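Down below is the structure, laid out as structure tokens.
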Amino acid sequence: MSKIEKLLEKLKSNPKDFTWDELCRILAQFGYIEITKKGKTGGSRRKFINDENKIISLHEPHPSKIIKLYVIREIRNYLKI
């Protein structure tokens with residue numbers, strides 16, 4: 001099983017320790033790239049876009065990098081996994 005497959009399985013299990021970096025890797029696997037911040041401060045809101053111009057807008061958690069469970073559920077529904 002590849003690393004990305006392991007991450008997908010972890011995401012499907014609604015983990016309490018899923019990190020922002022892991023989520024970014026999964027979104028990249030689905031063809032999403034992060035839109036760069038504009039201005040001096042971009043805040044913690046991050047946007048990801050794919051080649052079909054579908055946008056996912058998320059709040060990057062801080063200071064902890066752990067993703068909230070409701071965000072995991074939203075991502076799973078959006079990506080249909």
The range 3-79, Cα convex hull volume normalised per residue, Å³:
90 Å³
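Report the extension gain between residue 29 and residue 70 in nm, rounded to one decimal, defined as 0.36 nm multiplied by the number of residues separating them, less their alpha carbon distance.
Extra length available between residue 29 and residue 70 comes to 12.7 nm.
Pairs 6/47; 10/68; 10/47; 6/54: which exceed 19 Å Cα-Cα?
In this structure, 6/47; 10/47; 6/54 lie more than 19 Å apart at Cα.
Only the coordinates and a few stated rules stand behind these numbers; no lab work does. Because the structure is predicted, anything quoted here is derived from the model rather than measured.
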